[in-house]
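> Dropping a structure here in structure tokens format, bear with me for questions.
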Amino acid sequence: MSQFPARKRLNHDVPSWVESGSLYFITLNCKERGTHSLCRNNLPAKLFETVEYYQNNRKWHCALFLLIPDHLHALLSFPSDLSMTSVIRSWKRYTAKSFGIQWQSGFFDHRVRDDESWEEKAHYIRMNPVRKGLVEEATDWPYVLTEYNSK
């Protein structure tokens, strides 16, 4: 028996009153925390290609996407005709099959509300490698994709 309480499953359904195109702060964790799963070899470039693919195919709009060795943070918005849950699930399934990433089930999301600044969330995300002791300056972290604009 585990010494930790079971995690509650979160409902990621977007309420009908939420404006289409709202920005979400998303966190995805690797199954094994403390591992060097995402920032190795050429995996970051491959993951960023999938981010751009989803952008170009209008599955999401990516404002910021940052990899940490065992998790990632992103600022994403989703079109109203697609479920955030199904888009994230599809992306995780593809990256798991294609690159052997073992993800924790589910994900964390937080809608960036009008009274919150997306810049504050972006700053928090960019500072994550500094807080983890991976770099001294946020600008030194190479595994970040910012404000991807579709071509």
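None of the figures in this text is laboratory data; all of them are computed from the coordinates on show. Because the structure is a prediction, the values reported are computed rather than measured. Backbone-built Cβ (ideal geometry, glycine too); neighbour counts: all protein chains shown.
> Amide H of Leu23 versus every other amide H placed in the peptide plane: which residues, excluding those fewer than 5 positions away on the same chain, fall under 5 Å?
Correct list: Val112.
> Turning to a different aspect of this structure: Calculated FRET efficiency, Asp140 and Glu49, Cβ-Cβ r, R0 30 Å, to nearest 0.05? Walk me through the numbers on the way to the answer.
Numbers: r = 23 Å, r/R0 = 0.76.
For R0 = 30 Å, the calculated efficiency reads 0.85.
> With a bin width of 10 angstrom, please list the P(r) values of segment 82-151 as percents of all Cα-Cα pairs, from the 0 bin to the one holding the largest distance.
In order of increasing distance, the bins hold 15, 31, 45, 9 percent.
> Could you run the Karplus curve 6.51 cos²θ - 1.76 cosθ + 1.60 with θ = phi - 60° over segment 100-111 and give me ³J(HN,Hα) per residue in whole Hz, x for Gly and Pro?
x, 6, 9, 9, 5, 6, x, 6, 9, 9, 9, 6
> Same structure again: Rounded, prolate or oblate: which fits segment 23-146 when a ≥ b ≥ c are the square roots of the eigenvalues of the alpha-carbon gyration tensor, with rounded for a/c under 1.5 and prolate only if a/b beats b/c?
Values: a/c = 1.58, a/b = 1.07, b/c = 1.48.
In terms of gyration-tensor shape, oblate.
> While we're on this one: With labels modelled as points extended 7 Å from the Cα through the Cβ direction, what inter-label distance (nm, one decimal) is found for Gln102 paired with Ser117?
Computed distance between label sites Gln102 and Ser117 equals 4.1 nm.
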